[in-house]
Amino acid sequence: MPDASLEEVRAFWEHNPVAAASVPYSPGSSEFFEHYDRLRETRESVPFSYALHEYRAFAGKRVLDVGCGNGYVLSRYAREGANTVGIDLTATAIELSRRRFALEALPGAFLTGSAEELPFPTESFDCVCSMGVLHHTPDTEKAVGEIHRVLRPGGRFIVMLYHRHSAVYRRLQLRSRLSHRPLEALINEVDGVGNPKGEVYSRREMRRLLADFDDVECRVGFLQGLPIGKHRRRFPPKPLLRPFASRWGWFLYAKARKPHSA
């Protein structure tokens, strides 16, 4: 398949903001955010989110969310006293993030821009997070290099990418063989028909991507069953799947630090 351009990626997400199709409320309304948050927290519990993102550790420090979506993660940093900045490729996401922060009366700065050319000075953030975003940008390696550049020495990087060795990926491989459609196209369509770019990473590939960072920790999470029946209930149910999420989950998380010296 031909490589996606940044403009193709922008156009798709401008018209398909994250999870908006799953929320039965007007984007930007308080009901929209409440419903989205409940959905997200079925995948990543509040205790898990606090442990992953270390929200309280960055009170009074500068935190950047690359691909801030509708501001969910960044708002948690702001609640705990961080000085927050969100950047996203789309104006739609920036407007949603601003609206969330306004509804909660939280301080934060937002701007449109590309992960591949971050408009910030070198060594200007204590923490950068990017959740489910960098596998969509055309040049993921360049984006990771930019994040490394804007982090201060010793700064924290927290990232989530899609997991190659997952149940979702195995199902997509089977669908590809049965339908004779390219596997890459099916991976893209996990986020909607027309999505021009999606990638998957193994733990080894994640570590290779983060080769310029120290203390890289990887873990896997989020495994759900298949929708069965007219009510689209998931089977197997979540409690039965939980023990397998750390191996076969769709989300591959990593935490790392920028070295204190070159």
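Picking from residues in the stretch 106-147 that are without any contact (Cβ under 8 Å) to a residue 40 or more places away in the chain and crowded, with 18+ Cβ neighbours inside 10 Å, the one that is nearest to the chain's Cα centre (by Cα) is Glu146.
Scanning the stretch 185-216 for residues that are in a loop (DSSP other than H, G, I, E, B) and touching a residue at least 12 places away in the same chain (Cβ under 8 Å) turns up Gly192, Gly194, Asn195, Pro196, Lys197, Gly198, Glu199, Ser202, Leu210, Asp212, Phe213. From the list Arg177, Arg164, the one residue that fits, being within 16 Å of the chain's Cα centre (by Cα) and either more than 30 Å from His260 (Cβ to Cβ) or of a type in the set (Gly, Ala, Ser) (or both), is Arg164. Here Val150 fits the description: more than 18 Å from the chain's Cα centre (by Cα), closer than 18 Å to Phe58 by Cβ, crowded, with 20+ Cβ neighbours inside 10 Å and modelled with pLDDT of 95 or more. Among the candidates Ser75, Ser130, Ser114, the residue that is among the small types (Gly, Ala, Ser) and within 23 Å of Pro153 (Cβ to Cβ) is uniquely Ser130.
Checking the structure you have, find out if any residue of the stretch 170-184 is crowded, with 21+ Cβ neighbours inside 10 Å, in contact (Cβ under 8 Å) with a residue 24 or more places away in the chain and either among the β-branched types (Val, Ile, Thr) or in a helix (DSSP H, G or I) (or both).
no
Any residue at all in the stretch 44-60 that is over 19 Å from Gly154 (Cα atoms) and crowded, with 23+ Cβ neighbours inside 10 Å? No; the residues of the stretch 44-60 include none that is over 19 Å from Gly154 (Cα atoms) and crowded, with 23+ Cβ neighbours inside 10 Å.
Quick one: which of Arg219, Arg156 is surrounded by 18 or more Cβ atoms within 10 Å (Cβ to Cβ), at pLDDT 95 or above and assigned to a strand (DSSP E or B)? Answer to the check: Arg156.
The values are calculated or read from the model by the stated rules, or taken from the named source; none is laboratory data. As the structure is a computational prediction, the values presented were derived from the model and not from experiment. Heads up, the Cβs are rebuilt from the backbone with ideal geometry, glycines too, and the neighbour counts pull from every protein chain shown.
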